[in-house]
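Each remark here refers to the structure printed beneath this line.
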Amino acid sequence: MHPGDVDGERAAQLASSLGVVRARLAAACEAVGRDPREVTLIAVTKTYPAADVATLVRLGVLDIGESKEQEAQRKRAELADAATAVRWHMVGRIQSNKARTIGAFARAVHSVDRLKLVDRLAEGARQQPAPVEVFVQVSLDDDPGRGGAVVGDVAAIADAVAARPELRLRGLMAVPPLGTEPAAAFARLQELGTRLQAEHPAASALSAGMSSDLDAAVAHGSTHVRVGTALLGRRTSIVS
Ligand SMILES: *Cc1c(COP(=O)(O)O)cnc(C)c1O
């Protein structure tokens, strides 16, 4: 790399932060006797350019998370052929009128929090060769204001997902409520996951843990961590 090689510098930066995050994951797994291969690292690239996605793919990170349908579509178009290698994960709040389009390209949707989304996602998913993976997002403080179904609604949403052959119910997702101890929130999520598995034994996945709390999430059974800042840097624009 020579001075002024901006792409090379960015690639080196991403490779370095990826090494740090992978080491954190390995240590978090080791601390509780888990195999790191049980945990999927999703790079959340919202607000970052398609070029970063391409770099992450070259570094072997094929699971890419986005929170907005339009932004994901723009990056897919920009990446052209490279986009086919990517497994797109939608992690942000889903507008009902975007659910069909998301179902048509996302490999996994982590933020399914109401019944209305299920049929629309399934309709879109018909265009894909394999079922779209679905996580039901739970609101752990029963305040659906920030996304997530209240605990009492989770079973009905999960049943609706499981009834659609175009969808595959994987498990639950949650974001720790503001001002709460992440470990306590993840412990509660794990308990709700166990409850879900009594009805849906295959729904054993937990999408939990972000840059600041992935270690606590892994300690409580997370199988999918969604990491933005620790990989890509601090976002300058505000996104949900
Ligand atoms: C932005 C976002 C992330 C990544 O958060 P970081 O703190 O940047 O790692 C994870 N999950 C969801 C739902 C997000 O919106």
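Cβ-Cβ under 7 Å, sequence separation 6+ or interchain: first residue in region 207-226 and over 12 Å from Leu41 (Cα atoms) and more than 8 Å from the ligand (Cβ to nearest atom), partner assigned to a strand (DSSP E or B) and of a type outside the set (Val, Ile, Thr). Which pairs?
Gly221/Leu206
Got at least one residue in region 55-65 being among the polar types (S, T, N, Q) and within 12 Å of the ligand (Cβ to nearest atom)?
Narrowing region 55-65 to residues among the polar types (S, T, N, Q): 55.
Filter again for within 12 Å of the ligand (Cβ to nearest atom), leaving none.
There is no residue in region 55-65 that is among the polar types (S, T, N, Q) and within 12 Å of the ligand (Cβ to nearest atom).
Only one of these conditions is not met by Ala216: (1) under 14 Å from the mean Cα position of the chain (by Cα); (2) surrounded by 19 or more Cβ atoms within 10 Å (Cβ to Cβ); (3) among the small types (Gly, Ala, Ser). Which number is it?
(1)
Kindly indicate which of Ala187, Ala203, Ala162, Ala155 is open to solvent by 10 Å² or more (accessible area, probe 1.4 Å), away from the ligand (no atom under 15 Å from the Cβ) and out of contact with any His (no Cβ under 7 Å at 6 or more places or on another chain).
Testing whether each residue is open to solvent by 10 Å² or more (accessible area, probe 1.4 Å), away from the ligand (no atom under 15 Å from the Cβ) and out of contact with any His (no Cβ under 7 Å at 6 or more places or on another chain) leaves just Ala155.
Scanning region 50-98 for residues that are under 23 Å from Ala122 (Cβ atoms) and part of a loop (DSSP other than H, G, I, E, B), which turns out nearest to the chain's Cα centre (by Cα)?
Filtering region 50-98 for residues that are under 23 Å from Ala122 (Cβ atoms) and part of a loop (DSSP other than H, G, I, E, B), the one nearest to the chain's Cα centre (by Cα) comes out as Val91.
Kindly indicate which of Arg107, Arg87 is in contact with a Phe, Trp or Tyr (Cβ under 9 Å, 6 or more places away or on another chain) and under 24 Å from Val138 (Cβ atoms).
Arg107
Quick check on Leu140: is it of a type in the set (A, V, I, L, M) and touching a Ser or Thr at 6+ places or on another chain (Cβ under 7 Å)?
Answer is no for this residue.
Just for region 141-160: of the residues that are assigned to a helix (DSSP H, G or I) and without any contact (Cβ under 8 Å) to a residue 12 or more places away in the chain, which one is nearest to Gly171 (Cα to Cα)? Show your work before the answer.
Keep residues of region 141-160 that are assigned to a helix (DSSP H, G or I), which gives 144-146, 151-160.
Those still in the list that are without any contact (Cβ under 8 Å) to a residue 12 or more places away in the chain too: 145, 152.
Details: Gly145: 21, Gly152: 16 Å.
Selected residue: Gly152.
Only one residue in Arg34, Arg10, Arg22 is open to solvent by 30 Å² or more (accessible area, probe 1.4 Å), in a loop (DSSP other than H, G, I, E, B) and of a type in the set (Lys, Arg), so which one is that? Give the steps one after another, and end with the answer.
Values: Arg10 fails: in a loop (DSSP other than H, G, I, E, B); Arg22 fails: in a loop (DSSP other than H, G, I, E, B).
Matching residue, one of Arg34, Arg10, Arg22: Arg34.
List the pairs whose first member sits in region 57-76 and is open to solvent by 70 Å² or more (accessible area, probe 1.4 Å), whose second member is hydrophobic (A, V, I, L, M, F, W, C) and at pLDDT below 95, and whose Cβ atoms are under 8 Å apart, counting only residues at least 6 apart or on separate chains?
What qualifies is Lys68/Val239; Arg76/Ala83.
Sort through Arg168, Arg188, Arg164, Arg195 and tell me the only one that's modelled with pLDDT of 95 or more and in a strand (DSSP E or B).
On the way: Arg188 fails: in a strand (DSSP E or B); Arg164 fails: in a strand (DSSP E or B); Arg195 fails: in a strand (DSSP E or B).
It is Arg168.
Hey, Pro176 hits all of (1) open to solvent by 50 Å² or more (accessible area, probe 1.4 Å); (2) touching a Pro at 6+ places or on another chain (Cβ under 7 Å) but one; which does it fall short on?
Against the list (1) open to solvent by 50 Å² or more (accessible area, probe 1.4 Å); (2) touching a Pro at 6+ places or on another chain (Cβ under 7 Å), Pro176 comes up short only on (1).
List, please: which pairs have Cβ atoms under 8 Å, are six or more places apart or on different chains, and start with a residue in region 1-25 that is at pLDDT 95 or above and end with one that is β-branched (Val, Ile, Thr)?
Listed by first residue and then by second, the contacts come to Arg10/Thr55; Ala11/Thr55; Leu14/Thr55; Leu18/Val61; Val21/Val227; Leu25/Val39; Leu25/Val218; Leu25/Val225.
Here's a check for you: in region 81-133, which residue that is touching a Pro at 6+ places or on another chain (Cβ under 9 Å), more than 15 Å from the ligand (Cβ to nearest atom) and open to solvent by less than 40 Å² (accessible area, probe 1.4 Å) is nearest to Ala50 (Cα to Cα)? If you could, list the steps in order and put the result at the bottom.
Quick first cut of region 81-133, residues touching a Pro at 6+ places or on another chain (Cβ under 9 Å) only: 113-114, 122, 125, 131.
Subset that is more than 15 Å from the ligand (Cβ to nearest atom): 114, 122, 125, 131.
Cutting the leftovers down to open to solvent by less than 40 Å² (accessible area, probe 1.4 Å) gives us 122, 125.
Details: Ala122: 27, Ala125: 24 Å.
Step by step, filter region 81-133, then rank; the result is Ala125.
The values are calculated or read from the model by the stated rules, or taken from the named source; none is laboratory data. The structure presented is a predicted model; accordingly, all values stated were derived computationally and were not measured. Note: ideal-geometry Cβ built from the backbone for every residue, glycine included; neighbour counts use all protein chains shown. Side chains included, ligands, DNA and RNA excluded: accessible areas come from the protein's heavy atoms. Shrake-Rupley method; radii C 1.70, N 1.55, O 1.52, S 1.80 Å.
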